[in-house]
Amino acid sequence: MRNPWIYRAPAIGWGFLIFYACLAPVSDLDPGWEIEISDKLVHFILYFSWTILLYFASSRGYRRPIKKRKALVYWLAAVVLGGLIELLQSWMGLGRSADLLDAIANTAGAVAGMVASRVFHRILA
């Protein structure tokens with residue numbers, strides 16, 4: 001049997017990436033070139049990807065399905081974390097500001113990621 005951390009490491013790493021990308025000062029994230037992309041789309045993609053990684057980690061690489069209750073817990077964790085990050089952005093004063101639409105994009109990404117995970121699981125299993 002493989003070590004279960006092989007499956008959990010990507011989800012944990014992606015969670016830390018989300019924290020850093022959303023809470024770091026704006027000046028630290030400036031790559032020096034401009035890309036025209038919606039901030040809401042970035043939030044959606046971050047949380048969509050994270051919930052898929054969380055599902056993948058619990059299902060041991062899609063080898064076994066996870067229960068609906070656990071899927072709900074993962075979705076709820078993503079939503080709460082997204083809301084907490086938005087609150088922290090407003091409190092920290094590092095060039096960031098809280099935005100309700102960002103929190104909605106986070107939630108939508110988490111919902112879409114969980115639905116996609118369940119569909120992928122049925123296809124791949």
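In region 93-125, which residues are hydrophobic (A, V, I, L, M, F, W, C) and in a loop (DSSP other than H, G, I, E, B)?
Hits for region 93-125 are 94, 98, 125.
Output the number of the condition that residue 22 fails; it satisfies all remaining conditions of (1) at pLDDT below 90; (2) over 13 Å from the mean Cα position of the chain (by Cα).
The failed condition is (2).
Mind counting the residues in region 93-118 that are modelled with pLDDT of 85 or more and charged (D, E, K, R)?
Residues flagged as modelled with pLDDT of 85 or more and charged (D, E, K, R) within region 93-118 amount to 2.
For residues that are in contact (Cβ under 8 Å) with a residue 60 or more places away in the chain, crowded, with 18+ Cβ neighbours inside 10 Å and within 12 Å of the chain's Cα centre (by Cα), tally how many sit in region 68-125.
Of the residues in region 68-125, 9 are in contact (Cβ under 8 Å) with a residue 60 or more places away in the chain, crowded, with 18+ Cβ neighbours inside 10 Å and within 12 Å of the chain's Cα centre (by Cα).
Tally up the residues in region 55-72 that are part of a helix (DSSP H, G or I) and in contact with a helix residue (DSSP H, G or I) (Cβ under 8 Å, 6 or more places away or on another chain), please.
6
To keep it simple, each residue is scored yes or no on (1) in a helix (DSSP H, G or I); (2) at pLDDT 90 or above; (3) in contact with a helix residue (DSSP H, G or I) (Cβ under 8 Å, 6 or more places away or on another chain).
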position: 50; (1), (2), (3): yes, yes, yes
position: 53; (1), (2), (3): yes, yes, yes
position: 74; (1), (2), (3): yes, no, yes
position: 91; (1), (2), (3): yes, no, no
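The values are calculated or read from the model by the stated rules, or taken from the named source; none is laboratory data. Note that the coordinates shown come from a computational prediction; the quantities given were computed from them, not determined experimentally. No Cβ is skipped: glycine too gets one built from the backbone with ideal geometry, and neighbour counts run over all protein chains shown.
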